[in-house]
Amino acid sequence: MNSLNRMAIELVDEALEYAEELGVGAYELENGTTVLDFGQEFAGGIEAGLLLTEVQTAGLATPGRGLDTIGGATVPYIELSSDQPALSFLCSQKASWELETEDFSGLGSGPARALVAEEDEFQRIGYVDAFDLTALAVETDQRPTETAAAQVADLCEVEPTSIYLLTFPTASVAGSVTNAARAAELATFRLSELGYDPLEIVSASGRAPVAPVAADEATAIARTNDAIAYGGRAHLVVTQDFDRFDEVASTAASAYGRPFVEVFDEMEWEFDQAEPELFAPATVTIDVLGGPTYAFGETDEAILAESFAIDGSV
């Protein structure tokens, strides 16, 4: 298998080459780490968000865009599919690197995780990457610091000059786009967490609405999670039947039916206190090769319209 980081760096080079056209900025920290700004001081856009998604999935997933309606309003939707879901989604796209230093805080995703390979997914899949350049997408409203870059360099065992940090706040166009692209990843992750072998997932596709950019990070985090949990759809092709497919969709959560802003407020925005079942697409269809096709879940347009402030109620 080719290096996830090698494939991702080719896409980073594309972002640097077409930065102006994408509305993306780039600069170097004092230690030589390159930062690509996808939505902090630069506007970014849908195309920037799609390229960011490709970097996060190391080029092993195909993104697309379309239009649909919610509450009578036309809303862009993002689709993402991969025939390598274990590698592209669990070993790369999954947002699980809590990048915390005394002067910086952000949530990391992307192929840099595969150089560390300490999460359970890497043991299940049996994959560890090795490459001298790496990319980490960081969801944050703060400018990266040398301290944060040094932490990434230390854990990945590369030089700071070999690191590309792709930053974006949740409250940005690219942030809304790349979060909408997580429906298939979250379905793949849920199924893996339920005990299904991720290597038995042959293909995974997902679709979700792009949340309107919010005025603050908290609202944006709630909206982008609502987009998946109440508007996201996923389709998986698998090799083996399983008796817990019905637990993959967000409807399996007891809190389903409540917008995330209520759920997060109740737990004082301590995200790890939320039900893991809620972080999943609203509907999931699973095709078993040579076997049955299962369909679970339902979308909730009313919650999406309220969350997105389409009717002006919030």
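A short reminder: the numbers here are calculations on the coordinates, not readings from a lab. In this text the structure is predicted, and so the values were computed from the model without any measurement. Note that each Cβ is placed from the backbone with ideal geometry, even for glycine, and that neighbours are counted across all protein chains shown.
Annotations for the structure displayed:
- Loop sites in the stretch 2-84: chymotrypsin sites (Phe, Trp or Tyr not before Pro), DSSP, at most 16 other Cβ within 10 Å: Tyr18
- Of all DSSP beta bridges in the stretch 4-307, antiparallel share, percent nearest 5: 70 percent
- FRET E, pair Thr161, Ile46, Förster distance 25 Å, beta-carbon r, rounded to 0.05: 0.20
- Phi-based couplings in Hz for the stretch 218-224 (Karplus 6.51, -1.76, 1.60; Gly and Pro marked x): 4, 4, 5, 4, 5, 4, 5
- Distance distribution P(r), the stretch 115-182, all Cα-Cα pairs, bin width 5 angstrom from 0: 3, 15, 21, 18, 20, 18, 5, 0 percent.
- Theoretical gain in end-to-end length, Arg258 to Glu30 [0.36 nm per residue, Cα-Cα removed]: 77.6 nm
- If you plug the beta carbon distance of Glu193 and Ala150 into 1/(1 + (r/R0)^6) with R0 = 25 Å, you get a FRET efficiency near 0.20.
- Gyration tensor (alpha-carbon) shape descriptor, the chain, a/c threshold 1.5: oblate
- DSSP-assigned coil residues among trypsin sites (Lys or Arg not before Pro) in the stretch 207-237, each with at most 15 further Cβ atoms within 10 Å: none
- Dividing the mean sequence gap of close Cα pairs (under 8 Å, 6+ apart) by how many residues the stretch 177-314 holds gives a relative contact order of 28 percent.
- Cα centre as origin, Lys/Arg/Asp/Glu Cβ charges: the stretch 4-307 dipole, Debye: 940 debye
- For the chain, the relative contact order is 17 percent, taking Cα pairs closer than 8 Å that sit 6 or more residues apart in sequence and dividing their mean separation by the residue count.
- Restriction of the GluC sites (Glu not before Pro) in the stretch 222-281 to DSSP coil positions whose beta-carbon has at most 13 other beta-carbons within 10 angstrom yields Glu268, Glu270.
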